[in-house]
Amino acid sequence: MPPLGEQFALAVAAKDHDALRRLLHPELDFRAMTPGRVWDAAGPEDVLGALRVWFGEDDRIEALEALETDAFADRERVGYRLRVSNADGPHLVEQQAYLSPRDGRIGWLRIMCAGYRPVD
């Protein structure tokens, strides 16, 4: 089975909320920073709500351009870059996530997002 971080990135790229729900511990400790906001959540549904804002219905995730995982001490790191298209054209979105497992699921998660960057 791939590391939790890789599973998370693949589920985000697929907008697979059922898979994300299975990956996230019910008592998840979550924080994230996007270019315009800091996010705090205490459970999977709050994280899914944030992801629906970040990648809305009109945002088509066309490809997972890059995926890199690593582990250190008691944390795992995953970096991923998504090619996203919407009414404003094509974009790249890169996120770095740090996580720790809890009972085989993601129990602690921090994400930093570079935002939507336009590409030609």
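Derivation of every value follows stated rules applied to the coordinates shown; laboratory data play no part. Because the structure is a prediction, the values reported are computed rather than measured. When we count neighbours, we look across all protein chains shown, and the Cβ atoms used for this are built from the backbone with ideal geometry, even at glycine.
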Exercise. Round to the nearest 10 and give me the degree value, 0 to 90, for the angle of helix 4-13's Cα axis relative to the longest principal axis of the chain.
Key: 30
Quiz item: Rg and Dmax of the range 73-120, Cα atoms, in Å?
Solution: 14.0, 43
Quiz item: Among I61, I106, which comes first, second and so on when ranked by fewest other beta-carbon atoms within 10 Å?
Solution: I61, I106
Practice problem: For the chain, just the Cα atoms, rotate onto the principal axes and tell me the three extents in Å, largest first. | Solution: 42, 25, 24
Quiz prompt | Computed Rg/Rh of the range 39-78, alpha carbon atoms with Kirkwood Rh | solution = 1.08
Practice problem: List F30, F55, F72, F8 from most exposed to least, where exposure is judged by having the fewest other Cβ atoms within 10 Å. | Solution: F72, F55, F30, F8
Quiz item: When Y98, Y80 are ordered from fewest to most other Cβ atoms inside 10 Å of their Cβ, what list results?
Solution: Y98, Y80
Quiz item: Summing -39500 (n - 2.57) over the DSSP H runs of n ≥ 4 in the chain and dividing by its residue number, what mean residue ellipticity at 222 nm do you reach, to the nearest 500 deg cm²/dmol?
Solution: -6500 deg cm²/dmol
Quiz prompt | Cα-centred dipole magnitude for the chain, charges only on beta-carbon of K, R (+1) and D, E (-1), debye, nearest 20 | solution = 140
Exercise. Would you work out the charge dipole size for the range 6-64 about its Cα centre, treating the Cβ of every Lys and Arg as +1 and the Cβ of every Asp and Glu as -1, and quote it to the nearest 20 debye?
Key: 60
